[in-house]
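Only one structure is covered here, and it is reproduced in the block below.
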Amino acid sequence: MAGAPESTARAPFIFSVLLLLAAAGSGAAEELPAAFRVLPHLSSPHRGSLHVTWYTTGPEPGRLVLTGPDGTREFASEPEEKPELRYSGLEESERAQFPDMFENRVHRHRVRLDALAPDTVYRYAVGQGGDRYDNEFRTAPENPRRIRLCVFADSETDPEGRTTHRDWPAGPQAEGSTGRPEGTGRYLLTETDGFRRNLEIMAGRDPDLLLVAGDIVQGGGYQRAWDEFFFHLAGKFGDLMGRVPLLAAPGNWENFGARNGGYEPAAVAAGRRKFAAYFDGPENGHDPHRNFYHRIDYGPVTVITLDSSNALPDGTDNDSNIHIDASAYPGDDLVDAAPGARMWDWCLQQLADARAEGRVIFVQFHHIPYSGGAHSLPNSVPGSTGQAGLVMRAYTPWFQKHGVAAVFCGHNETFEWSAVGDVQFFDAGVGGDGLGAPIDGRDPRRANPWRRWTAFYDEPEMWEGRQLVRGGIHYGHLEVDVEKIDGRWRVTYTPVHAFPLTDPEGNVTGTERREAAARWSHFPGQPPSS
């Protein structure tokens, strides 16, 4: 099984480790191998290259052995100290409350693997100190029968998620339902269990890529929130990133210091520096922005990641976050998402190039531009959160012109699909935090005339006493399949929930993969069909 350790008798190294990755929600004690702070994981799978990254406390180099059909290659890591990933003084003062905090030193190891053969399985082993980690990955095929993406947003991890049950708005009831029982205003799973089980379902579907469209952690400036995210994907809760690359877009939470300063300019900068230290991308022509927006080519698929965190002028209806003060920002890595800015020009060029190459184009950023949720009013309107994605609508005509298949976002956490012409927009913000509902039903100012589906409205709940049988909004993700049909690429979108199974008394007994009642397919450039 990928990610499982091998015995020393089979190993090219003398290292061995037992990874105790217990079943989600079991409550069992889980431990990371002592040498690793974050397990080896994959990123930036672009045109025959790939990065393997891991994090340690100490500065000792590690060694990676890559084995494929063309033989074995060995690499020594060059550890780079990352002071931006240290705990703050506040976090240090609370260390006694968090027994799984690390020593307050961090070193990043990153190995670039080049000249990888297409559609090929490679095994890799990383030796670090006295420990070893093994896994494998398959490179992108040149002309595949299918490429599968699993897309989510708003995981918003932090340690408190292990005990937090979020508000769960009661949706429409199916015919014959006995109705939402009393005492079920909080969701049946904790944030942590919901995210873990969601990831388990993704892992069981053999995805080629993972996409997370922002709000990854509950505070980008809060180091324990980042620890918690990697516990899920490259640590003691699971290691899906060890075999499937993840592409990340920043969200408003990545620009927020949480307990470490909120939206103070220094706290915003600290959060962005942490994001850039964890996620990477190919060159985009401006090094300070490199890890915030980029283009990845994976087989016939192009994923363009944008940073919708802020737009100028500050505080206007054009701004995507009125709480970020660009004039006081202490650094050069804050991106302007507005038309005519550097990212805009770069994006339009990448769209044109990808279209000329006949590629299937997807775009991801955080702030959903079409939604009936909480973040949907212009900043100047009473009741606005000051964090609407309306500025990103300016990109839509260019998405249409260049045949973008879909845009993946989060932010409102409504699990919502909208179609603007031939371009599909998804809020997949049900990764593992809140479970939102559109509120345009009680506030027509938030009307979304482009909406085609939401989990809240279109998946009515069916209750039999205290037992939920089907329906409702739950933690989940969007499964996206790209398949070649009669010489053309067809894209199919399937909303998936980690559905909680309950006994007649309403006690959770497990979870299972549940698809929405409808799925949609289209050939990019044409309207979708159910």
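The values are calculated or read from the model by the stated rules, or taken from the named source; none is laboratory data. Computed from a predicted structure; not experimentally measured. Neighbour counts run over all protein chains shown; Cβ positions are idealised from the backbone, glycine included.
Filtered by the rule that a residue be at negative phi and not in a strand (DSSP E or B), region 511-530 gives A516, A517, A518, R519, F523, P524, Q526, P527, P528, S530. Listed conditions (1) in contact with a strand residue (DSSP E or B) (Cβ under 6 Å, 6 or more places away or on another chain); (2) free of Cβ contacts under 8 Å to residues at least 12 places away in the same chain; (3) over 24 Å from E156 (Cα atoms) are all met by G510, apart from (3). Among the numbered conditions (1) part of a loop (DSSP other than H, G, I, E, B); (2) free of Cβ contacts under 8 Å to residues at least 24 places away in the same chain, tell me where Q400 comes up short. Of the numbered conditions (1) part of a loop (DSSP other than H, G, I, E, B); (2) free of Cβ contacts under 8 Å to residues at least 24 places away in the same chain, the odd one out for Q400 is (1). Of the residues making up region 287-309, those that are of a type outside the set (A, V, I, L, M, F, W, C), touching a residue at least 40 places away in the same chain (Cβ under 8 Å) and either under 19 Å from R224 (Cα atoms) or in contact with a helix residue (DSSP H, G or I) (Cβ under 6 Å, 6 or more places away or on another chain) (or both) number 5. Of the candidates A203, A267, A234, the single residue that is in contact with a helix residue (DSSP H, G or I) (Cβ under 7 Å, 6 or more places away or on another chain) and over 23 Å from A428 (Cα atoms) is A267. The residue of region 497-513 that is nearest to T414 (Cα to Cα), among those that are under 26 Å from the mean Cα position of the chain (by Cα) and either of a type outside the set (A, V, I, L, M) or not assigned by TED's automatic domain parsing to the domain that holds H477 (or both), is H497.
Show me the strands (runs of 3 or more DSSP E) entirely contained within region 422-510 in which 2 or more residues are basic (K, R). Break it down into steps so the answer makes sense when it comes.
Working: elements: 423-427, 451-454, 462-464, 467-470, 476-485, 488-502.
Counting at least 2 such residues, we get 451-454, 488-502.
Taking the stated definitions as given, is L390 over 30 Å from E182 (Cα atoms), surrounded by fewer than 24 Cβ atoms within 10 Å (Cβ to Cβ) and in the same structural domain as V360 (by TED's automatic domain parsing)? Taking the combined requirement at face value, the residue satisfies it.
Within the bounds of region 407-420, is there any residue that is surrounded by fewer than 24 Cβ atoms within 10 Å (Cβ to Cβ) and in contact with a strand residue (DSSP E or B) (Cβ under 7 Å, 6 or more places away or on another chain)? Yes, some residue in region 407-420 is surrounded by fewer than 24 Cβ atoms within 10 Å (Cβ to Cβ) and in contact with a strand residue (DSSP E or B) (Cβ under 7 Å, 6 or more places away or on another chain).
Of the residues making up region 141-160, those that are in a loop (DSSP other than H, G, I, E, B) and modelled with pLDDT of 95 or more are A153, D154, S155, E156, D158.
Residues are listed down the side, and each one gets a yes or a no for (1) closer than 22 Å to A140 by Cα; (2) out of contact with any Leu (no Cβ under 9 Å at 6 or more places or on another chain); (3) not hydrophobic (A, V, I, L, M, F, W, C):
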| residue | (1), (2), (3) |
| --- | --- |
| D239 | yes, no, yes |
| A269 | no, no, no |
| P300 | yes, yes, yes |
| C347 | no, no, no |
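Return a yes/no flag: does region 63-84 have any residue that is closer than 29 Å to L189 by Cβ and either under 26 Å from the mean Cα position of the chain (by Cα) or of a type in the set (D, E, K, R) (or both). The answer is no; no qualifying residue exists. Within region 347-381, the set of residues being closer than 18 Å to Y293 by Cβ and either assigned to a loop (DSSP other than H, G, I, E, B) or outside the structural domain of W253 (by TED's automatic domain parsing) (or both) comprises R359, I368, P369.
Going through region 332-346 one residue at a time, which ones are in contact (Cβ under 8 Å) with a residue 60 or more places away in the chain and part of a loop (DSSP other than H, G, I, E, B)?
Taking region 332-346 and keeping what is in contact (Cβ under 8 Å) with a residue 60 or more places away in the chain, we get 333-334, 346.
Once the filter is applied, which keeps residues that are in contact (Cβ under 8 Å) with a residue 60 or more places away in the chain and part of a loop (DSSP other than H, G, I, E, B), region 332-346 yields D333, L334.
Out of all the residues in region 447-496, which are among the charged types (D, E, K, R) and at pLDDT 95 or above? Steps first, please.
Keep residues of region 447-496 that are among the charged types (D, E, K, R), which gives 451-452, 458-459, 461, 464, 466, 470, 479, 481, 483-484, 486, 488, 490.
If the condition is that a residue be among the charged types (D, E, K, R) and at pLDDT 95 or above, then R451, R452, D458, E459, E461, E464, R466, R470, E479, D481, E483, R490 are the ones that fit.
The number of residues in region 44-65 that are assigned to a strand (DSSP E or B) and buried (at least 21 other Cβ atoms within 10 Å of the Cβ) comes to 7.
On the given criteria, is P339 in contact with a Lys or Arg (Cβ under 8 Å, 6 or more places away or on another chain) and over 23 Å from I216 (Cβ atoms)?
Values: in contact with a Lys or Arg (Cβ under 8 Å, 6 or more places away or on another chain): no; over 23 Å from I216 (Cβ atoms): yes.
In short, no.
Can you name the number of the only condition in (1) on the phi > 0 side of the Ramachandran plot; (2) small (G, A, S); (3) in contact with a helix residue (DSSP H, G or I) (Cβ under 8 Å, 6 or more places away or on another chain) that G221 fails? Status for G221: all satisfied but (1).
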